[in-house]
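Below is one structure, written out as structure tokens, with a few remarks after it.
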Amino acid sequence: MTDYYERDSGLSHQRVNPMEEPRFTGIQTFMRCPLVTDLDLLDIALVGVPYDGAVTNRSGARHGPQAIRQASAMMRSIHHVHRINPYELSRVGDVGDVQFSSMYDHAAVVADITAQYSRLAQAGVMPLSAGGDHSVTYPILKAFAADNPVALVHIDAHTDTWDEFSGSKFMHGTPFRRACEDGLIDPRRTIQIGIRGAQNTAEGWDYSLEQGMRVVFMEEFSQLGVAKVVAEARSIVGNHPTYISFDVDGLDPVFAPGTGTPEVGGLSTLEALSLLRGCRGLNLIGGDVVEVAPSYDPSGNTALVGATLMYEILCLLSESRHQRIG
Ligand code: MN
Ligand code: MN
């Protein structure tokens, strides 16, 4: 660990590296990283987006960032499989939560998220976010993919390409429809993995397929296995700038019950980790873990799963960025 992660302790007047302190101590930030306000000091920003005003059913993902921060104290530095230490390759910090001018006005929420992530984009800082419901990914992409549509690796029980719900075009089942319409994602460089669960209309599934997205329903995932799905994902996104969006309801609720729209028969945590590890070396521009709603999981495990997924994605982002800058 470098000096970057050390801070002065006001009590002991010593330099302290939070990563080397007992994990039950200190003020909670994502991964025990420094809280950073000067974007010039950052390569990768860990961001909370505590918004769940766009769900179709159970709310609670607004508490995702705080729960993930707390659970993320369990994370350490060096990945046990690929030996990436994300903190040695990049300067990683927690920039806090998105500020909302009005949490009751969804258009204002979209504008606020877009504006605040645009600051990160302008500063050349890569975002790794904790939602929040999945509607937050659309404004993130508005900030980071405005000029060029990105490739997308999307893990979820739902395609989130529906047109609207309850009269709103901006909710957690529509972000990738809007992103597609706005040219923020390239549907032919998009793969959606883990899709399942009955719907009242097939319109979202059909839209994804009509646009040329690769939709891997859960049954096909089981038949193919992780390695083949990884190989296909890699060939679909190629070397194109790629965003990873992970909705924890893509996991089976046995592993992640703390979410708003659980669907049984999903990915195991080990399959999900293997999928992410298979994305190593892609040309990544950012990622998110969304839909952690901790109140439905008194065990706290969903937050731990969310924190672990963030750490896995952080390793990929940090190495990808490092390789890009040479
Ligand atoms: Mn989703
Ligand atoms: Mn979902």
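The values are calculated or read from the model by the stated rules, or taken from the named source; none is laboratory data. Note that the coordinates shown come from a computational prediction; the quantities given were computed from them, not determined experimentally. Backbone-built Cβ (ideal geometry, glycine too); neighbour counts: all protein chains shown. What goes into the accessible areas is simple: the full protein's heavy atoms, side chains included, and nothing from ligands, DNA or RNA. Shrake-Rupley method; radii C 1.70, N 1.55, O 1.52, S 1.80 Å.
Whole-Hz Karplus values for region 43-52 come out as 10, 10, 9, 8, 10, x, 10, x, 9, 9 Hz, taken residue by residue from phi with 6.51 cos²θ - 1.76 cosθ + 1.60 and θ = phi - 60°; glycine and proline positions read x.
From Cα pairs below 8 angstrom and at least 6 apart in sequence, can you work out the relative contact order of region 18-325, rounded to a whole percent?
Numbers: 692 pairs, mean separation 67.9, N = 308.
Dividing the mean separation by the residue count of region 18-325 yields 22 percent.
Measure out, as a whole number of angstrom, how far apart the alpha-carbon centroids of region 182-196 and region 21-83 sit. Spelled out, the Cα-based centre of one part sits 25 Å from the other. Solvent-accessible surface (1.4 Å probe) assigned to Ser166 amounts to roughly 110 Å². Shape descriptor for region 18-325: Rg over Rh equals 0.93 (Cα atoms; Rh from the Kirkwood inverse mean 1/r).
Based on the mean of other Cβ atoms within 10 Å per residue, sort peptides 200-210, 4-14, 239-249 so the most packed one is first. Write down the numbers at each step before the final one.
Working: 200-210: 14.3, 4-14: 11.8, 239-249: 24.9.
For the peptides 200-210, 4-14, 239-249, the packing ranking is 239-249, 200-210, 4-14.
Applying 1/(1 + (r/R0)^6) with R0 = 25 Å to the Cβ-Cβ distance of Gln199 and Ser168 gives a FRET efficiency near 0.90.
Per-residue extension of 0.36 nm, minus the Cα-Cα distance of Met103 and Asn239, leaves a gain of 45.2 nm for this segment.
Taking the Cα centre of region 18-325 as origin and assigning +1 to Lys and Arg Cβ atoms and -1 to Asp and Glu Cβ atoms, the resulting dipole is close to 760 debye. Here the chain has 51 percent of its accessible surface on carbon and sulfur atoms, given a 1.4 Å probe and all protein chains in place. Near Gly225, once Lys and Arg are set to +1 and Asp and Glu to -1 for all other residues with Cβ below 12 Å from its Cβ, the sum equals -2.
Approximating the spin labels as points 7 Å out from Cα along Cα→Cβ, the Asn85-to-Ser12 distance works out to 2.0 nm. Distance between the C-alpha centers of region 212-243 and region 94-125? Whole Å please. Taking the Cα centre of each part, region 212-243 and region 94-125 sit 30 Å apart. Measuring with a 1.4 Å probe in the full set of protein chains, what accessible area per residue, in whole Å², belongs to the chain? Value returned for the chain: 41 Å² of accessible area per residue.
DSSP assigns beta bridges within region 18-325; of those with both partners inside it, close to 5 percent run antiparallel.
Where in the chain are the DSSP H helices whose alpha-carbon span along the long axis reaches 15 Å or more and whose Kyte-Doolittle mean is at least 0.0? Intermediate results must be reported in sequence, preceding the final value.
On the way: long enough: 106-122 (24 Å, 0.28); 226-237 (16 Å, 1.17); 301-325 (36 Å, 0.37).
Membrane-span-like by this rule: 106-122, 226-237, 301-325.
Once backbone amide H atoms are built at 1.01 Å from N, Val290 has Gly131, Phe246, Asp247, Val248 as its partners under 5 Å, excluding neighbours fewer than 5 places away on the same chain. Each of Lys228 and Met19 was given a label point 7 Å from its Cα along the Cα-to-Cβ line. The distance between the two points is 3.9 nm.
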